[in-house]
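The values are calculated or read from the model by the stated rules, or taken from the named source; none is laboratory data. Since the structure is predicted, the reported quantities are computational estimates derived from the model, not experimental observations. Using ideal geometry, Cβ is built from the backbone for each residue, glycine included, and neighbour counts are taken over all protein chains shown.
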Amino acid sequence: MARALDYVKRAIPYIVLVVITSPIVLMYIMLFVASFSRTVYGLVPDRITLSNWNFLLTGYIVVPGTGELGRYPNVYLVTFNTFLLALTVATLEVVISSLAAYAISRYSFRGRNAFLSLTLILHSFPSITLLIAIFYILKSIGLFDTLLGVILVKVALELPLGIWIMKGFYDGIPWDMEMSALVDGCTRLEAWWKVIMPNVKGGIASTMIFAFLSGWAEYIFILTFIVSEQNWTLSRLVAAMIGDWRFVDYGQLAAVSFYYMIPVVVFFLFFQKYLLRMTIASKGPL
Amino acid sequence: MIHRLKRLRIPYLYIFIMPAVLLIAIFFLAPVILTLFISFTNMDYMLRWEWAGLLNYYKMMRDRWAGLILRNTIFYVIATLACFNVGMALVISLLTTHIHDKAGAAFRAAWLLPRITPSTVYIVVWNWALAEYPYGLFNWILRNLGSDLTLRKFTMQPVHPWLPLPWVWVWVILVNGFIGASFGMIIFTAAIKAIPIDYINAAKVDGASTLQTIRYVILPMIRWPILFVTAYQTLSLLTSYEQILLFTDGGPGYATEVWALYSFHKAFAEYAGAFEFAYGAALAVVLVIIGLIASVAYYKVFRFRELMMESKIEVT
């Protein structure tokens, strides 16, 4: 009797966790099932089909009943844009923030503390407060409606965080290491690249993965600063499909959504350690 | 040797720091200052500078929607924070640290999924889950469980006679809360795992039940992280609008419009009367002021500087 009670007691946390976590898990399962079925009732498909994934062959998502007129930009172009955006943001952010963080960690110069405090204060400014002014700036310098504009804005807004993260990693490396490199005749730049960088791989990986996913998912900047369809990214494509009253093909919507999720799922399965680390440091939407 | 190093110091320093300084100056610092200036003008889509003084701020006071939107914002922040960003986060981290380690990590991983899902896909999934029977997941489950309750997304119908909360608000809070909970979850889990096991064993030896241990040992020991998450996430929620924009777009009417979203709508919405950049900027300045006060508070109270340097801690 006492043992049975003990089992029940031990099961309680599991039961509660399953109940509160199931909406998330079931919703993602539903999306997956729906992308391979003609119609889905809850979690049960009425017929399994691959036709939702036709857009991978033709390259185009056509709005049902509109023929060739109502179609969205080429899926591969949109995917390429998304990839380009995410990869460039990640690369620039890692390179620029690790350079700057190295200077902050290793040099003492006038304005160092001012710069550090400034990045800290800026980090608390949410993007909504800056959108209008950034719109103005992009228009003024001719980068409105270009992916480059969005990339630069995104990198700039995430730099303060990246700098602080990388600085933390540099601070943990003993100064003697690069001193010996300098004595051996390396320049500062060489010492940074050959001696220090290999020792902060963990920080680089975290920053890179976080920046990539953040760029991959970016929606607001694309919505606000991009007009031309040939500069769309996948987030904008999915948003257009949700908002389009003509759109009734839910199977296709599920397939495109799942297609968009693939890199996210890959990172989720294989790089969770880094994701957890960055979630704490990130400002994030919420 | 030393002499040569000193001579070369300045140019290298510039190589290291200039790209960051330039980018931050142009796309981050300048916008902060510009927002303030734009809020004192009449700027619209033509981007002309016409000085208007405090006109936009007067307009804000007389705005017939401002009161409702302010109430919405306060309600949204408090409800989501209490139920999810702190409440649910505490529940998950307490439960997952009281079960088998691997199982706990798996549950926490599942809660991380909404945060890394692109917002557009996340909203597709929610819209779908809330679709009507037999397509929508939630209604399908309810019907299969024998319930005659039908869930709808856009309805102002109250949840219960005793709880006059419109259903649409329940969904908005859930949509944001499922993302928001993971932040606190990670911090609380790390804090709970850092409690020396001796304290918990001592409580058990003294005959404390699990609930008593949580109440009298664990919670007091993680009150500092709880306070931090509360303060930090208040600001995050206050300025979040992306999910609401995609999910309800503030509707029906202005029922779920929050302050940040209103600023976005005034500046960028596609319907008539939009592109009021100056008014949108003025609305954003209010958020900036709150953000500044909050960040000064973090700096003083939480020693944010030290916190940010602890990024090497592994939390798994």
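Scan the stretch B:145-168 and tell me whether some residue there is under 24 Å from B:GLY253 (Cβ atoms), outside any helix (DSSP H, G or I), within 13 Å of chain A (Cβ to nearest Cβ) and touching a residue at least 12 places away in the same chain (Cβ under 8 Å).
Yes, the stretch B:145-168 contains a residue that is under 24 Å from B:GLY253 (Cβ atoms), outside any helix (DSSP H, G or I), within 13 Å of chain A (Cβ to nearest Cβ) and touching a residue at least 12 places away in the same chain (Cβ under 8 Å).
Scan the stretch B:213-270 for residues that are farther than 25 Å from B:VAL91 by Cβ, of a type in the set (Phe, Trp, Tyr) and touching a residue at least 40 places away in the same chain (Cβ under 8 Å) and report the count.
Number of matching residues: 3.
Among the residues of the stretch A:1-47, count how many are more than 22 Å from B:VAL121 (Cα to Cα) and among the aliphatic types (A, V, I, L, M).
Residues flagged as more than 22 Å from B:VAL121 (Cα to Cα) and among the aliphatic types (A, V, I, L, M) within the stretch A:1-47 amount to 12.
Residue check: is B:GLY53 within 12 Å of B:MET185 (Cβ to Cβ) and surrounded by fewer than 20 Cβ atoms within 10 Å (Cβ to Cβ)?
no
Tell me yes or no: at least one residue of the stretch B:229-236 is closer than 27 Å to B:LYS102 by Cα, assigned by TED's automatic domain parsing to the domain that holds B:PHE84 and at pLDDT below 90.
Looking through the stretch B:229-236, at least one residue is closer than 27 Å to B:LYS102 by Cα, assigned by TED's automatic domain parsing to the domain that holds B:PHE84 and at pLDDT below 90.
Condition first: touching a Pro at 6+ places or on another chain (Cβ under 6 Å) and aliphatic (A, V, I, L, M). Can you find one or more residues in the stretch B:188-204 that meet it?
Yes, because at least one residue in the stretch B:188-204 is touching a Pro at 6+ places or on another chain (Cβ under 6 Å) and aliphatic (A, V, I, L, M).
Give me the residue from the stretch B:170-209 that is more than 13 Å from chain A (Cβ to nearest Cβ), of a type in the set (D, E, K, R) and in a helix (DSSP H, G or I) and, out of that set, nearest to the chain's Cα centre (by Cα).
Among those residues, the one meeting the criterion is B:ASP198.
For every residue, the table says whether it meets (1) among the aromatic types (Phe, Trp, Tyr); (2) farther than 30 Å from A:ILE226 by Cβ.
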position: A:ASP6; (1), (2): no, yes
position: A:ARG10; (1), (2): no, yes
position: A:VAL16; (1), (2): no, yes
position: A:PRO45; (1), (2): no, yes
position: A:PHE80; (1), (2): yes, no
position: A:LEU87; (1), (2): no, no
position: A:ALA90; (1), (2): no, no
position: A:ILE104; (1), (2): no, yes
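For A:GLU218, only one of the following conditions fails: (1) within 18 Å of A:ILE134 (Cα to Cα); (2) buried (at least 22 other Cβ atoms within 10 Å of the Cβ); (3) touching an Asp or Glu at 6+ places or on another chain (Cβ under 9 Å). What is its number?
For A:GLU218, the failing item is (3).
Using the structure shown, decide if B:LYS102 is buried (at least 16 other Cβ atoms within 10 Å of the Cβ), part of a helix (DSSP H, G or I) and modelled with pLDDT under 90.
no
Determine whether A:ARG71 is of a type in the set (Lys, Arg), free of Cβ contacts under 8 Å to residues at least 60 places away in the same chain and in contact with a helix residue (DSSP H, G or I) (Cβ under 8 Å, 6 or more places away or on another chain).
So A:ARG71 does not fit the description; no.
Do you know which of the residues in the stretch B:49-87 that are out of contact with any Ser or Thr (no Cβ under 7 Å at 6 or more places or on another chain) and polar (S, T, N, Q) is farthest from B:ALA281 (Cα to Cα)?
B:ASN85
If I ask for residues that are in contact with a Gly (Cβ under 8 Å, 6 or more places away or on another chain) and more than 30 Å from B:PHE275 (Cβ to Cβ), which ones from the stretch A:136-169 would you list?
A:ILE165, A:MET166, A:GLY168, A:PHE169
Residues that are of a type in the set (Lys, Arg), more than 7 Å from chain A (Cβ to nearest Cβ), closer than 28 Å to A:SER235 by Cα and touching a Ser or Thr at 6+ places or on another chain (Cβ under 6 Å): does the stretch B:97-115 have at least one?
Looking for residues that are of a type in the set (Lys, Arg), more than 7 Å from chain A (Cβ to nearest Cβ), closer than 28 Å to A:SER235 by Cα and touching a Ser or Thr at 6+ places or on another chain (Cβ under 6 Å), one finds at least one in the stretch B:97-115, hence yes.
Would you mind stating whether B:THR80 is within 28 Å of A:PHE221 (Cα to Cα), in contact with a Phe, Trp or Tyr (Cβ under 8 Å, 6 or more places away or on another chain), part of a helix (DSSP H, G or I) and modelled with pLDDT of 85 or more?
Judged against the criteria, B:THR80 is not a match.
Restricting attention to the stretch B:125-157, report how many residues are under 21 Å from A:TYR28 (Cα atoms) and among the small types (Gly, Ala, Ser).
3
Take the stretch A:68-97 and flag every residue that is within 13 Å of A:THR207 (Cα to Cα) and surrounded by fewer than 18 Cβ atoms within 10 Å (Cβ to Cβ).
Within the stretch A:68-97, A:LEU87, A:THR91, A:VAL95 qualify.
Kindly indicate whether A:SER105 is closer than 29 Å to A:VAL264 by Cα and of a type in the set (S, T, N, Q).
Judged against the criteria, A:SER105 is not a match.
B:GLY273 versus (1) at pLDDT 90 or above; (2) surrounded by fewer than 24 Cβ atoms within 10 Å (Cβ to Cβ): which is the lone unmet condition?
(1)
Residues of the stretch B:221-241 being part of a helix (DSSP H, G or I) and either under 14 Å from B:THR80 (Cβ atoms) or among the β-branched types (Val, Ile, Thr) (or both), which ones?
Matches in the stretch B:221-241: B:ILE226, B:VAL229, B:THR230, B:TYR232, B:GLN233, B:THR234, B:LEU235, B:SER236, B:LEU237, B:LEU238.
This table checks each residue for (1) more than 27 Å from the chain's Cα centre (by Cα); (2) away from chain B (no Cβ under 11 Å); (3) among the hydroxyl-bearing types (Ser, Thr, Tyr).
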{"residue": "A:GLU190", "(1), (2), (3)": "yes, no, no"}
{"residue": "A:ILE209", "(1), (2), (3)": "no, no, no"}
{"residue": "A:ALA239", "(1), (2), (3)": "no, no, no"}
{"residue": "A:GLN252", "(1), (2), (3)": "no, yes, no"}
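Write out, first by first residue and then by second, each pair whose Cβ atoms fall under 9 Å of each other, whose residues are 6+ apart or on separate chains, and whose first residue, in the stretch A:13-39, is of a type in the set (D, E, K, R) while the second is outside any helix (DSSP H, G or I).
Close Cβ pairs satisfying both conditions: A:ARG38/A:PRO45; A:ARG38/A:ASP46; A:ARG38/A:ARG47; A:ARG38/A:ILE48; A:ARG38/A:THR49.
Scanning for something of a type in the set (Gly, Ala, Ser) and not in a helix (DSSP H, G or I), does the stretch B:21-44 turn up at least one residue?
Yes, the stretch B:21-44 contains a residue that is of a type in the set (Gly, Ala, Ser) and not in a helix (DSSP H, G or I).
Pick out the one residue from B:LEU113, B:LEU145, B:LEU130 that is hydrophobic (A, V, I, L, M, F, W, C) and closer than 18 Å to A:LEU275 by Cα.
Within the list B:LEU113, B:LEU145, B:LEU130, the selection yields B:LEU113.
Conditions: (1) buried (at least 17 other Cβ atoms within 10 Å of the Cβ); (2) over 16 Å from B:TYR241 (Cα atoms); (3) under 22 Å from the mean Cα position of the chain (by Cα). B:GLY67 meets all but one. Number of the miss?
Failed condition: (1).
From the residues in the stretch A:98-149 that are at the interface with chain B (Cβ under 7 Å from one of its Cβ atoms) and in a loop (DSSP other than H, G, I, E, B), which one is surrounded by the most Cβ atoms within 10 Å (Cβ to Cβ)?
A:LEU130
I'd like to check something: does the stretch B:262-285 contain any residue that is under 21 Å from B:ALA79 (Cα atoms), assigned to a helix (DSSP H, G or I) and of a type outside the set (Gly, Ala, Ser)?
yes
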